[in-house]
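Quick notes on the structure that follows.
We did not get these values from a lab; they are worked out from the coordinates using the rules stated. Everything numeric in this text was worked out from a predicted model, so none of it was measured. Cβ atoms come from the backbone with ideal geometry, glycine included; neighbour counts cover every protein chain shown.
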Amino acid sequence: MKTRSRTLHPIATIAGMKVWSKATRAAGKTIGLVPTLGGLHDGHLSLVQRSLATCDATVVSVFVNPTQFGPGEDFDRYPRDLESDRRKLEAAGVAVMFHPSVEAMYPRGYKTFVDVEAITDALCGKSRPGFFRGVATVVLKLFNIVQPHQAFFGEKDFQQLAVVETLVRDLNLDVSLVRLPIFREPDGLAMSTRNLYLSPAERKSARVLSRALEEAQQRVRRGEQSCDQLRTRLRNRIESENHAQVDYVSICDPETFREKDHVGDRALIALAVRIGQTRLIDNCLVRSFECSESC
Ligand code: AMP
C-alpha cells in the first residue's frame with residue numbers, strides 16, 4: 001500500500017515542477033501523472049486513485065490547454081475552479097497539483113508542435129482540426145516537465161489514448177501508460193466537465209448517448225454485423241431525442257480508426273453528439289456475440 005501525501009503542493013512554475021520531480025526521482029520514488037484540464041469530477045478521480053495505488057507520488061496537472069481548442073470552441077468558458085480542484089486533490093492524498101500558466105507553457109515565440117499522423121484523420125481529429133496536435137504537444141511537454149514513470153488516461157477519450165500511445169512509442173518516451181475505463185453517472189452518462197454546461201432538460205437528453213450505445217451492443221450480441229445498419233439506427237435513435245444532434249457516429253477499427261463494414265472480431269463504436277450547444281463524446285468496444293468490460 002502506497003502512502004498518500006498529507007499536504008498538497010500546488011506548483012505553478014515549470015522550473016519548480018522540474019526541481020520537485022528531480023528530487024522525487026533522486027529519492028528513489030516513482031511518479032504518477034494524471035493530465036487534466038481541471039473541472040475535476042469522479043472520472044478524473046478514478047485515474048487519480050489508480051495512480052495513488054501504484055505510484056509513490058502522484059502529480060495531477062490542471063491546465064486548460066489553448067492549443068487543443070479550435071476557433072469558436074469553448075476555451076474561454078471552459079470551467080476553471082482551481083480552489084475546488086485543489087481541495088479534491090488534497091482530500092485524495094495527491095502530492096502535487098501542477099497548474100502552469102498559458103504564458104509559461106507557450107511563451108512568446110513558441111514554435112514547436114507534435115503531429116501524430118493517420119489515426120488523427122478521423123473522428124474527433126476530423127471534427128476538431130488541430131485538436132490532437134494540441135493534445136500531443138501538451139502531453140509531450142507535460143511528460144518532459146513532470147518526468148513521470150506512469151501516466152494515467154481514461155478510455156472516455158479513446159482516440160486520444162491511441163494518439164498518446166503512438167506518441168510514446170514513436171518518440172521512444174520512457175513512460176508507461178495506464179488506461180482506465182469510462183466512469184459514469186448512475187444513469188449511464190459518461191462523466192465530463194462539459195456536463196456542467198447542460199440545462200436540466202439537456203441533462204436528461206444527454207442519456208441518449210449511453211443508451212444508444214447499449215442498444216447497439218445488444219444488436220451486435222444478437223448477431224447484427226452490418227455497420228451501415230448499426231450506424232443508421234444509432235443516428236436515428238440519437239436524433240429522435242430533444243436537443244440532440246449527431247456530430248459523428250463511427251463504427252471503426254479501434255487501432256486505425258478506419259470505418260468498418262462488418263463488426264468482425266472487434267469494433268469501436270464512438271459517438272460525438274451535440275446536446276444543445278454542448279458537444280459530448282462516448283464510446284464502447286464491441287465484439288461479436290460479447291460485450292467488453294468497458295461497455
Ligand atoms: P479532461 O480533463 O477532460 O481532459 O480529462 C483528463 C483525463 O481524464 C483524460 O485522460 C480523460 O480521458 C479522463 N477522463 C475524463 N472523464 C472521464 C471519465 N468519465 N471516465 C474516465 N476517465 C475520464
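Here are the numbers for the structure shown:
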| quantity | calculated |
| --- | --- |
| Cα pair count fraction exceeding 14 Å, expressed as % - region 124-204 | 69 percent |
| Surface/4 estimate of mean projected area, convex hull on alpha-carbon atoms of the chain, nm² | 15.6 nm² |
| Candidates per chymotrypsin sites (Phe, Trp or Tyr not before Pro) in region 101-132, loop by DSSP, up to 16 other Cβ within 10 Å | Tyr110, Phe113 |
| Centroid-to-centroid separation of region 39-59 and region 165-221 [C-alpha atoms, Å] | 17 Å |
| Fraction of the pair-distance distribution of region 63-177 above 21 Å, Cα-Cα pairs, percent | 44 percent |
| Stretch gain in nm, segment Ser101-Lys18, where the contour uses 0.36 nm per residue and the Cα spacing is subtracted | 28.4 nm |
| FRET efficiency, Gln229 to Arg274 (Cβ-Cβ, R0 25 Å, nearest 0.05) | 0.60 |
| Förster radius 25 Å - calculated FRET efficiency between Asp121 and Glu239, Cβ distance, rounded to 0.05 | 0.50 |
| Where N is the number of residues in region 221-278, Cα Rg divided by 2.2 N^0.38 Å | 1.19 |
| Stokes-Einstein diffusion coefficient of region 19-90, Kirkwood radius over Cα pairs, 25 °C, 0.890 mPa s, in µm²/s | 180 µm²/s |
| Cleavage-rule hits, GluC sites (Glu not before Pro), region 94-163, DSSP coil, Cβ neighbours within 10 Å at most 14 | Glu117 |
| Within the chain, helix-based [θ] at 222 nm, where runs of 4 or more DSSP H residues each add -39,500 (n - 2.57), nearest 500 | -11000 deg cm²/dmol |
| Percent of alpha-carbon pairs separated by more than 14 Å within region 178-271 | 68 percent |
